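Trainee: First, the structure itself, so that you have it in front of you.
FYI, it's all coordinate maths here, none of it is from the lab. All figures in this text were calculated on a predicted structure; none of them were measured in a lab. Note that we place each Cβ from the backbone using ideal geometry, even for glycine, and neighbour counts take in every protein chain shown.
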Amino acid sequence: MAKFHYRESPTQKQKNAFKKYLSEDEELILVTNLSKAFIRSQFIIYLLFPGMIFLGLSLGVGWFLSLDKVWTLSLGMVLMFLSALLKTMHIYHANRYLLTTRRVIIKKGLFSVRLTAALFDKITHLEVDQSIIDRMLLHHGTIIINTAGLNKGEIMLRFVDYPLELKNLLERLINREREQFGLRGATLTEVEGEIIS
């Protein structure tokens, strides 16, 4: 039997943290964010830039002040690692995807927050965009949510772990919402070759 990766309910801490983004008649179903593979790749990129700048600066300052080479190299490596870690942690905590009983919400930012939301009854269809490397090695991809009523017509859940599983969960939530409000005729018809009845 295949393992399902989106079984965990939101923790009480998550419910309290995101309560302010929900309306009175909806519940939080799932909180997820960028994939672990994407976060790891960003850490490596940030080690190179701006990490290498910090390493170079510390070596330059150490040479200019005639400091011990081992000490300046150690300080440079610590600054390189800390800068990459802080930038990666910011990306990790600043991006959240929330599924509720009524809509999907994308939250970006820590201090200044930007929210994008789509009600389930406005979603027309879902697409999954996943390259062969994303599918076989990294297990992440992008879910494109096409909606009626938005200017752009689509919103994206980028770099999510196991996107097909998340898409299926989202479809079940959409269909449950439509059944609850008697909109069964407005179901999703075809998504990525799967027939949804």
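Trainee: Which of the lysines could be linked to K122 by a straight reach, that is with a Cα gap under 27 Å, when you skip same-chain ones fewer than 8 residues away?
Mentor: K15, K19, K20, K107, K108, K152, K167
Trainee: Net charge around N33, counting only other residues with Cβ within less than 12 Å of its Cβ (Lys, Arg = +1; Asp, Glu = -1)?
Mentor: +4
Trainee: Something else: Mind checking the alpha-carbon convex hull of the stretch 40-90 and giving the volume per residue in Å³?
Mentor: Dividing the Cα hull volume of the stretch 40-90 by its residues yields 52 Å³.
Trainee: I would also like to ask the following. Report, in debye and to the nearest 20, how large the dipole of the stretch 24-99 comes out about its Cα centre when Lys and Arg carry +1 and Asp and Glu carry -1 on their Cβ.
Mentor: I would put it at about 560 debye.
Trainee: For the chain, what is the Kirkwood hydrodynamic radius in Å, using each pair of distinct C-alpha atoms?
Mentor: 19.2 Å
Trainee: Would you mind ranking I106, I53, I133 so that the residue whose beta carbon has the fewest other beta carbons within 10 Å leads the list?
Mentor: Sorted ascending by nearby Cβ count, the order is I133, I53, I106.
Trainee: Calculate the length of the line joining the C-alpha centroid of the stretch 34-53 to that of the stretch 90-140, in whole Å.
Mentor: 20 Å
Trainee: Using Cα pairs closer than 8 Å and at least 6 residues apart in sequence, work out the relative contact order for the chain, in percent.
Mentor: Relative contact order here is 18 percent.
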